[in-house]
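Trainee: Right, I'll just put the structure down here and ask away after.
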Amino acid sequence: MKDENFLKANNARSLWHPMTAPSDSLTNAPTIITGASGTRIRDIDGHEVVDGVGGLWNVNLGYSCQPVKEAIAAQLEALPYYSIFRGTSNDKVIELAEELRAFFAPDGLTRAFFTSGGSDSVETALRLARQYHKIRGESGRVKFLSLKKGYHGTHIGGASVNGNANFRSAYEPLLPGCHHIPAPYDYRNPFNETDPARLAQLCLQALEDEIAFQGAGTIAAFIMEPILGAGGVITPHPSFMPGVEAICRKNGILLIADEVITAFGRTGAWTGSRLWGVKPDFTCTAKAITNGYFPFGAVMIAESVAEVFEGDDTGRAAIGHGYTYSGHPVGAAAALACLAETKRLNVVENAAARGAQLWVGINRLKDKYSAIGDVRGGHGLMLAIELVADRDAKSAPPKAQPGQVQAAAYAAGAMVRVSGPNIILSPPLVLTQADAETILSALDAGFAAL
Ligand SMILES: Cc1ncc(COP(=O)(O)O)c(C=O)c1O
């Protein structure tokens, strides 16, 4: 390995970091992580902290998940790659599809289409949704509806259904025919409604209104995250997603659940759709499917959708979509081991318990620090703290403040993530009680430093 000075000096010289300006990485040197074990990461200076970010919402089983590491190593020896495009397959991907079918059976999802990550999974679901309608002779159903504040990755389709200008403006014009409705975000919304149940109804009315305006027969699908992650951990009222499902069914619109973050236990339920009692037509997964150790994803497909594709004899169901790394055998082997370990450890239980611990602790911090305007979470290990300059006015905090909290929290023992005015927590689901206390005391130090 190059020495420490070389790495620090060249960190942003020859590489552009995602999600920031190249000049920002040059002036604010990113933390260089060089090692990790369990729930902890270690930087180039030897400073070790609890990873309150869980990689990027993906290292659910922590950094020492030996069965996944061994499965990857063994698969590299046995078959490091083979395509599953028409005419060939591989043993591991067949086995994985069967396992996923069993895992997602309670969600009514019985087929898998494999991808290389979350954005690919979103793109796949959007495309297959349009194709579904074409197979059925409704070729006018091409539009997509989604939520403001939603995040669906960075491909052009995903960016078009994204609900945050930061991921859209620089890349416009995006896909035509994508329309957004207000998110059920009770801290800020255009209805000035703070009651979550009433707000859910208002957002559902906005959805019905938009469908009537666009014409139901022009809309292919509605896509949403069961709990909005990157948008600041926005948890809809329990009536919201079932309400969306009912409206979609009534209007012949497919429902895509983007569970790139929420699948495999993060919310304290095995899937976000199951948390809300919803059966989507497609579910996008990635991230924790391999514990972040291999770039991989899967779109799970409902039986009713599968029947339309599989029953077609016109040729319209030929899938003209797929990735070189769809069904990668090393990714499939990683996912098989990861799924087995996820179930063996029953991570949903710990996610719920540690999530409750963090929820209580962060709400205590809210009583202590007026810079905390809103605390969001309450379902497993995805939480957010929204900073404000003034609680009554809910005015935006000074731009540097979330970063100051993050830096002080890091020095005090925990990595947390900044997204706009929010501090976001998405630690591994194997977090211990002591780890959660460390995150809370680090955040306390972070806010005390303001
Ligand atoms: C809900 C959701 N969808 C899609 C994506 C995109 O996934 P990827 O970054 O793996 O392409 C993300 C990434 O954070 C996500 O949170």
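Trainee: Would you confirm whether any residue within region 137-153 is in a helix (DSSP H, G or I), in the same structural domain as residue 230 (by TED's automatic domain parsing) and under 24 Å from residue 316 (Cβ atoms)?
Mentor: Looking for residues that are in a helix (DSSP H, G or I), in the same structural domain as residue 230 (by TED's automatic domain parsing) and under 24 Å from residue 316 (Cβ atoms), one finds none in region 137-153, hence no.
Trainee: For region 129-136, state whether one or more residues are under 26 Å from residue 233 (Cβ atoms) and either within 16 Å of the ligand (Cβ to nearest atom) or touching a His at 6+ places or on another chain (Cβ under 7 Å) (or both).
Mentor: No, the conditions are met nowhere in region 129-136.
Trainee: Now for a separate question. I'd like to know if region 174-187 contains one or more residues that are more than 30 Å from residue 58 (Cα to Cα), among the charged types (D, E, K, R) and part of a loop (DSSP other than H, G, I, E, B). Don't jump to the end; show me each part of the working.
Mentor: Of the residues in region 174-187, the ones more than 30 Å from residue 58 (Cα to Cα) are 176-177.
Restricting the remaining residues to those that are among the charged types (D, E, K, R) gives none.
Checked region 174-187: no residue is more than 30 Å from residue 58 (Cα to Cα), among the charged types (D, E, K, R) and part of a loop (DSSP other than H, G, I, E, B).
Trainee: Here are some conditions: (1) polar (S, T, N, Q); (2) in a loop (DSSP other than H, G, I, E, B); (3) within 16 Å of the ligand (Cβ to nearest atom). Residue 314 meets all but one. Which one does it not meet?
Mentor: All conditions pass for residue 314, except number (3).
Trainee: Among what's in region 16-35 and is touching a helix residue (DSSP H, G or I) at 6+ places or on another chain (Cβ under 8 Å) and farther than 20 Å from residue 411 by Cβ, pick the residue that is surrounded by the most Cβ atoms within 10 Å (Cβ to Cβ).
Mentor: 17
Trainee: Then there's this: Counting only residues that are part of a loop (DSSP other than H, G, I, E, B) and either at pLDDT below 95 or crowded, with 24+ Cβ neighbours inside 10 Å (or both), how many does region 243-269 have?
Mentor: So the count comes out to 10.
Trainee: Which of the residues belonging to region 270-311 are assigned to a helix (DSSP H, G or I) and more than 12 Å from the ligand (Cβ to nearest atom)? Reasoning before the result, please.
Mentor: Residues of region 270-311 that are assigned to a helix (DSSP H, G or I), as a first pass: 272-276, 287-290, 303-310.
Hits for region 270-311 are 273, 274, 275, 276, 303, 304, 305, 306, 307, 308, 309, 310.
Trainee: Please indicate, with yes or no, whether at least one residue in region 5-21 is touching a residue at least 40 places away in the same chain (Cβ under 8 Å) and either farther than 25 Å from residue 434 by Cβ or not assigned by TED's automatic domain parsing to the domain that holds residue 170 (or both).
Mentor: No, the conditions are met nowhere in region 5-21.
Trainee: Looking at region 201-222, can you tell me whether even one residue there is assigned to a loop (DSSP other than H, G, I, E, B) and within 16 Å of the ligand (Cβ to nearest atom)?
Mentor: The initial filter retains those residues of region 201-222 that are assigned to a loop (DSSP other than H, G, I, E, B), namely 215.
Next, only the ones that are within 16 Å of the ligand (Cβ to nearest atom) stay: none.
There is no residue in region 201-222 that is assigned to a loop (DSSP other than H, G, I, E, B) and within 16 Å of the ligand (Cβ to nearest atom).
Trainee: Going residue by residue through region 325-343, is there one that turns out to be touching a residue at least 12 places away in the same chain (Cβ under 8 Å) and over 28 Å from residue 75 (Cβ atoms)?
Mentor: no
Trainee: Sticking with this structure for a sec: Looking at 236, 184, which is the one that is crowded, with 18+ Cβ neighbours inside 10 Å, assigned by TED's automatic domain parsing to the domain that holds residue 257, in contact (Cβ under 8 Å) with a residue 24 or more places away in the chain and in contact with a Cys (Cβ under 6 Å, 6 or more places away or on another chain)? Can you show your working first?
Mentor: Numbers: 236 fails: in contact with a Cys (Cβ under 6 Å, 6 or more places away or on another chain).
Going through 236, 184 in turn, just one is crowded, with 18+ Cβ neighbours inside 10 Å, assigned by TED's automatic domain parsing to the domain that holds residue 257, in contact (Cβ under 8 Å) with a residue 24 or more places away in the chain and in contact with a Cys (Cβ under 6 Å, 6 or more places away or on another chain): 184.
Trainee: Residues being out of contact with any Ser or Thr (no Cβ under 8 Å at 6 or more places or on another chain) and assigned to a loop (DSSP other than H, G, I, E, B): count how many of those fall in region 396-428.
Mentor: The total comes to 9.
Trainee: Say whether the condition of being surrounded by fewer than 16 Cβ atoms within 10 Å (Cβ to Cβ), of a type in the set (Ser, Thr, Tyr) and not in a helix (DSSP H, G or I) is met by at least one residue in region 59-73.
Mentor: Here is the first cut: in region 59-73, the residues surrounded by fewer than 16 Cβ atoms within 10 Å (Cβ to Cβ) are 64, 66, 69-70, 73.
Of the ones still in play, those that are also of a type in the set (Ser, Thr, Tyr) are 64.
Going one step further and asking which of them are not in a helix (DSSP H, G or I), we end up with 64.
Within region 59-73 (the criterion being surrounded by fewer than 16 Cβ atoms within 10 Å (Cβ to Cβ), of a type in the set (Ser, Thr, Tyr) and not in a helix (DSSP H, G or I)), the answer is yes, since at least one residue qualifies.
Trainee: Next question. Looking only at region 113-128, how many residues end up being under 12 Å from residue 322 (Cα atoms) and either more than 11 Å from the ligand (Cβ to nearest atom) or assigned to a helix (DSSP H, G or I) (or both)?
Mentor: So the count comes out to 9.
The values are calculated or read from the model by the stated rules, or taken from the named source; none is laboratory data. Note that the structure is a prediction, hence the values are computed from the model and not measured. Don't worry about glycine lacking a Cβ; one is built from the backbone with ideal geometry, like all the others, and counts go over all protein chains shown.
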